[in-house]
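**Q** Attaching a single structure in structure tokens format; questions to follow.
The values are calculated or read from the model by the stated rules, or taken from the named source; none is laboratory data. Source: prediction; values computed, not measured. Neighbour counts run over all protein chains shown; Cβ positions are idealised from the backbone, glycine included. For accessibility, only protein heavy atoms count, side chains too; no ligands or nucleic acids. Shrake-Rupley method; radii C 1.70, N 1.55, O 1.52, S 1.80 Å.
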Amino acid sequence: MDAVQEQAVSAPAVSALDTTVPAPEGISADEIALYDRQIRLWGVQAQEKIRNANILLITMKALSNEIAKNLVLAGIHSLTVVDHALVTEADLGAQFFITESDLGQNRAAAAAPQIRKLNPRVQVIVDTDNIMSKGAAFYGSFDIVIATDLQPDTLNIINTATRINHKPFYAAGVHGFYGFIFSDLIQHEYVVEREKSNRATMLQAETQTRSVVDVKTKKENGKSIEMVRKRELYSTWYLASDAASLPAEYLKSRRRLKAVTPILSCLRALWEFMTFQDGRLPSTSEDLKLFTVLATQKHKALGLPDETLRSETLRKFLGQVGSEIAPVTAVLGGQLAQDVINVLGSRQQPIQNMVVFNGDTMEAPMYPLHPDGALGEGLLPLSVGAESGAILNGGNLAMNGVVPIFQSEIVEV
């Protein structure tokens with residue numbers, strides 16, 4: 001990736017109105033030389049998938065700066081950045097694509113020139129519309145959709161649209177020392193290569209979400225290598241952000257429950273607070289009381305021990321909400337971008353499905369948060385037939401007279 005930076009030059013501006021340039025077929029010799037280091041890691045076939053990928057990135061703040069940097073340096077085909085907000089002084093702290101001279105300009109437009117300099121081969125498209133003005137069909141032209149630092153209800157609406165279009169979806173956000181990554185890949189298959197053991201690999205379910213669907217073998221350097229294809233099933237943002245519980249293996253072990261970070265309960269409390277307070281963050285003493293009640297409720301609903309949710313944790317968390325810290329955005333942005341690369345190349349196990357970062361302990365555990373019952377394609381029946389005409393306007397997504405208020409509640413209109 002250093003080679004990309006050494007060759008960095010300005011690229012022509014591309015607006016959201018321009019037609020996306022089709023990706024050329026076959027990876028060239030100079031691209032193989034340019035991306036030599038990463039090709040050695042994941043192979044030429046994976047790199048070809050990456051260089052054909054069109055990624056949508058929503059909101060250009062510090063976390064998205066890191067995601068954009070890593071994806072552009074990896075050599076994707078195009079990055080579309082959607083952000084209607086203007087640059088303010090608050091953006092100058094942890095964001096490295098903008099400077100003081102950009103104050104008052106659109107945040108995506110201000111960042112785009114610096115993103116293009118990282119890798120002129122990547123098409124960077126700026127869209128200054130409010131994401132809530134986009135129809136569901138808008139998401140169908142992208143291979144992966146990434147939404148950062150948005151309201152919980154907005155994430156729910158976008159995730160519904162990505163499911164209708166059968167597109168992988170990531171959501172992420174940071175609050176000072178704390179943050180999260182959520183993924184809904186709907187149904188994703190990937191290959192794990194390993195040396196064949198004496199025990200045969202069976203085609204069967206491994207967990208609630210993961211199953212082995214195919215096994216092949218090959219000879220490599222005199223060894224038998226097993227290529228195991230696995231399938232992961234996912235659920236939606238709405239369920240993972242509130243309704244879904246921890247896996248049964250957690251609930252059966254008090255030791256594992258005690259190890260679950262209380263930041264998960266804090267995040268769920270914050271998301272509910274924002275949902276019922278018109279998107280605002282807690283700031284007053286009354287807000288602190290309400291947040292404490294919500295966090296306690298979320299903690300109990302997860303089945304976590306009372307003693308792991310301390311008042312000190314609540315105060316520290318509330319003191320960080322809404323802020324950006326560069327080292328935290330670097331960690332989470334790098335992890336999310338790497339997962340996107342793995343998903344595009346169908347290599348390695350992806351995030352399943354909630355990562356919670358705790359800067360106090362410098363840990364980022366992953367929790368599979370899912371409801372009982374159907375997962376994957378079976379979770380949202382409306383995901384079939386998106387081509388029949390879905391509309392997303394003013395926060396309401398409707399298709400053929402049906403509006404999914406939440407994933408588990410469908411009402412007639």
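**Q** Which number in (1) under 25 Å from the mean Cα position of the chain (by Cα); (2) basic (Lys, Arg); (3) farther than 24 Å from residue 186 by Cβ marks the one condition that residue 252 misses?
**A** Looking at each condition in turn, residue 252 falls short on (1).
**Q** Tell me the residue from 224, 245 that is of a type in the set (S, T, N, Q), at pLDDT below 95 and under 23 Å from the mean Cα position of the chain (by Cα), please.
**A** When all the criteria are applied, what remains is 245.
**Q** Six or more apart or on different chains, Cβ under 6 Å: which pairs go from a residue in the range 227-246 that's over 24 Å from residue 212 (Cα atoms) and of a type in the set (S, T, N, Q) to one that's open to solvent by 10 Å² or more (accessible area, probe 1.4 Å) and part of a helix (DSSP H, G or I)? Could you list them?
**A** Listed by first residue and then by second, the contacts come to 241/271.
**Q** Another question about this same structure. For the range 179-195, check the following and say yes or no: at least one residue is in contact with a strand residue (DSSP E or B) (Cβ under 9 Å, 6 or more places away or on another chain), touching a residue at least 12 places away in the same chain (Cβ under 8 Å), open to solvent by 40 Å² or more (accessible area, probe 1.4 Å) and within 30 Å of residue 322 (Cβ to Cβ).
**A** There is no residue in the range 179-195 that is in contact with a strand residue (DSSP E or B) (Cβ under 9 Å, 6 or more places away or on another chain), touching a residue at least 12 places away in the same chain (Cβ under 8 Å), open to solvent by 40 Å² or more (accessible area, probe 1.4 Å) and within 30 Å of residue 322 (Cβ to Cβ).
**Q** Restricting attention to strands (runs of 3 or more DSSP E) lying wholly within the range 302-409, give those where 2 or more residues are surrounded by fewer than 18 Cβ atoms within 10 Å (Cβ to Cβ) and modelled with pLDDT under 95.
**A** 390-393, 396-399, 402-406
**Q** Among the candidates 279, 222, single out the residue that is touching a residue at least 60 places away in the same chain (Cβ under 8 Å), out of contact with any Pro (no Cβ under 6 Å at 6 or more places or on another chain) and surrounded by fewer than 14 Cβ atoms within 10 Å (Cβ to Cβ).
**A** Of 279, 222, the one residue that is touching a residue at least 60 places away in the same chain (Cβ under 8 Å), out of contact with any Pro (no Cβ under 6 Å at 6 or more places or on another chain) and surrounded by fewer than 14 Cβ atoms within 10 Å (Cβ to Cβ) is 279.
**Q** Quickly run through the range 33-69 and pick out the residues that are among the polar types (S, T, N, Q), part of a helix (DSSP H, G or I) and surrounded by 20 or more Cβ atoms within 10 Å (Cβ to Cβ).
**A** Passing the criteria: 47, 64, 65.
**Q** Do the conditions hold for residue 232, that is, is it among the acidic types (Asp, Glu) and under 25 Å from the mean Cα position of the chain (by Cα)?
**A** It is true that residue 232 is among the acidic types (Asp, Glu) and under 25 Å from the mean Cα position of the chain (by Cα).
**Q** Quick one: which residue in 353, 358 is under 15 Å from residue 246 (Cα atoms) and of a type in the set (S, T, N, Q)? It would help to see each step written out before you state the result.
**A** On the way: 358 fails: under 15 Å from residue 246 (Cα atoms).
Checking each option against the conditions leaves just 353.
**Q** Can you confirm whether residue 250 is part of a strand (DSSP E or B) and of a type in the set (Phe, Trp, Tyr)?
**A** no
**Q** Here's another thing I want to ask about it. Suppose we filter 129, 91 for residues that are within 25 Å of residue 167 (Cβ to Cβ) and acidic (Asp, Glu); which single one remains?
**A** None of the others qualify; the one that does is 129.
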